[in-house]
Each structure stands twice: as C-alpha cells, then as structure tokens.
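Participant: My questions all concern the structure below.
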Amino acid sequence: GAGVSQSPSNKVTEKGKDVELRCDPISGHTALYWYRQSLGQGLEFLIYFQGNSAPDKSGLPSDRFSAERTGGSVSTLTIQRTQQEDSAVYLCASSLAGFSGANVLTFGAGSRLTVL
Amino acid sequence: KQEVTQIPAALSVPEGENLVLNCSFTDSAIYNLQWFRQDPGKGLTSLLLIQSSQREQTSGRLNASLDKSSGRSTLYIAASQPGDSATYLCALNSGYALNFGKGTSLLVTP
C-alpha cells in the first residue's frame, strides 16, 4: 500500500481481555517494527521483524505480549490478559531493510489502546 | 544503552521566529540520526535523516546538524509558521535499535 496501515485505530477493552493489533506495512518493505508510546513517555521499542523472523524480542514488556509476522507482510501484536498499564498508543513502522545506514522508517498512525 | 535527551521539552514562539531544537545522546556509535514530526493523534513523519558520516542535512526551512564527537544534534527551523506546531522527536539508529528522545513540543503562535 501507499503507507503503513494500522487497525484498529482505537480500542477500548476491559482489564483481563486479550487484544490483537494489526499492522500492514508498505509493500516491499522487509523490516517491520513495533513501538509503544505511553502518555508523557518517549517511544519504547517492542520488537523488530526482518522478513518473518524476529531477531530481537527483548523489548517486549512481558510474556503477555507476543507478535508474529506471516508471509513477510502483515504483523499482529497480541496482548493477553490486558492490564491498565498496557494503555498506550502502539505504533508500527516499516522500512526497506533493517537497521542500516540509509534506512528511513515510515510509521503508521498508531492504535490507541485503553484498558479500563 | 543509548540515552537520548531532548531540550527543551516544550517551546512556544511567535510566528516568523527562527528556532533551534536540541538532541543529545550518550553513545556516538550510530548509523544515523533521524528527526521526526508527530502531530496530535497521528503517527510520525520523517523530516530529515543524517548519516553517521554527514554533518548536516537540509530540507526547505529545516536544517539538521550532527556532531558525533559531542553527542549532539540540532534541528533548526527558519521563519517558523503556525503549521510547524507539533512534537519533534530525534531518533538514533545504533544498528540494532532506533532509540527515541521524549520530544520537544513546539507551539508557533500567529
């Protein structure tokens, strides 16, 4: 597509429920990134995919968080048993390649998650 | 771990002023530095990318500089306009992560 698409744009859920956030990167971009932006905080790196594999999962806050990418394209970030501290904007980005010198990341508009 | 600091956290200027946003970082072993703009409720838009070997980049009224030896980057905005109001973020690419500062919230008043 022309840009990075994320859905849903807004999600309100009850504590303890599972949520899935979807990211559709720019066509042809092999690298995909998930970040979290909490109120008043900077962007927190969660996970990075090169193709379908995730070389670095160390940024995931807990084992309630998981992500997958299939077919080298769409990625899903799943949060199980959501907690109020999970409330944030989840941003996805994609790039032609991974972290390298000339790499420009293109971000989606984000998915705002509110856990009541 | 790379620490990225942006000063000031917020800035308000009258239209037409030239201004400088600052970004400092602790680890000079970087691939590149990128400046982004974030409008309320929106994602991030890339403004400028400076490679590790470069000193500055220009795009229109924007000029970004990079001094790795001192761990500093500046974003210069000339002749500011109300449409420049947004949060500006710098991000350092260390080859294995993109570390962001918390941003500078800019308000340009008519």
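The values are calculated or read from the model by the stated rules, or taken from the named source; none is laboratory data. Nothing here was measured: the structure is a model prediction, and the numbers come from that model. No Cβ is skipped: glycine too gets one built from the backbone with ideal geometry, and neighbour counts run over all protein chains shown. Areas reflect the complete protein model, heavy atoms only, side chains present, ligands, DNA and RNA absent. Shrake-Rupley method; radii C 1.70, N 1.55, O 1.52, S 1.80 Å.
Participant: Residue by residue through region B:90-104, note down the ones that are surrounded by fewer than 21 Cβ atoms within 10 Å (Cβ to Cβ) and modelled with pLDDT under 90. Can you show your working first?
Facilitator: Of the residues in region B:90-104, the ones surrounded by fewer than 21 Cβ atoms within 10 Å (Cβ to Cβ) are B:94-97, B:102.
Listed by number, the residues that qualify are B:SER94, B:GLY95, B:TYR96, B:ALA97.
Participant: In this structure, does B:GLU3 turn out to be in contact with a Pro (Cβ under 7 Å, 6 or more places away or on another chain) and either of a type in the set (Asp, Glu) or more than 11 Å from chain A (Cβ to nearest Cβ) (or both)?
Facilitator: no
Participant: Further, regarding this structure: Starting from residues that are assigned to a loop (DSSP other than H, G, I, E, B), away from chain B (no Cβ under 13 Å) and open to solvent by 40 Å² or more (accessible area, probe 1.4 Å), keep the ones in region A:29-61 and report whichever is nearest to A:VAL104 (Cα to Cα).
Facilitator: So the first thing to find is which residues in region A:29-61 are assigned to a loop (DSSP other than H, G, I, E, B), and the list is A:29-30, A:38-42, A:51-52, A:57-61.
Filter once more, so that each one left must be away from chain B (no Cβ under 13 Å): A:29-30, A:51-52, A:60-61.
Retained after the next criterion (residues that are open to solvent by 40 Å² or more (accessible area, probe 1.4 Å)): A:30, A:52, A:61.
Numbers: A:THR30: 12, A:ASN52: 20, A:PRO61: 25 Å.
The selected residue is A:THR30.
Participant: Which members of region B:90-100 meet the condition of being closer than 13 Å to A:PHE45 by Cβ and facing chain A (nearest Cβ under 7 Å)? Lay out the reasoning, then the answer.
Facilitator: Here is the first cut: in region B:90-100, the residues closer than 13 Å to A:PHE45 by Cβ are B:91-94, B:96-100.
Residues satisfying the conditions are B:ASN93, B:TYR96, B:ALA97, B:LEU98, B:PHE100.
Participant: In addition: Quickly run through region B:7-33 and pick out the residues that are farther than 23 Å from A:GLN41 by Cα and either among the charged types (D, E, K, R) or open to solvent by less than 40 Å² (accessible area, probe 1.4 Å) (or both).
Facilitator: Answer for region B:7-33, where residues must be farther than 23 Å from A:GLN41 by Cα and either among the charged types (D, E, K, R) or open to solvent by less than 40 Å² (accessible area, probe 1.4 Å) (or both): B:VAL13, B:GLU15, B:GLU17, B:LEU19.
Participant: List the number of the failed condition for A:ILE26; all other conditions in (1) buried (at least 16 other Cβ atoms within 10 Å of the Cβ); (2) assigned to a strand (DSSP E or B); (3) of a type outside the set (Lys, Arg) hold.
Facilitator: That leaves (2) as the condition not met.
Participant: Taking region A:8-23 only, how many residues are surrounded by fewer than 21 Cβ atoms within 10 Å (Cβ to Cβ) and within 13 Å of another protein chain (Cβ to nearest Cβ)?
Facilitator: The qualifying residues number 2.
Participant: Return only the number of the condition from (1) open to solvent by 10 Å² or more (accessible area, probe 1.4 Å); (2) within 14 Å of chain A (Cβ to nearest Cβ); (3) touching a Leu at 6+ places or on another chain (Cβ under 8 Å) that B:PHE36 does not satisfy.
Facilitator: Status for B:PHE36: all satisfied but (1).
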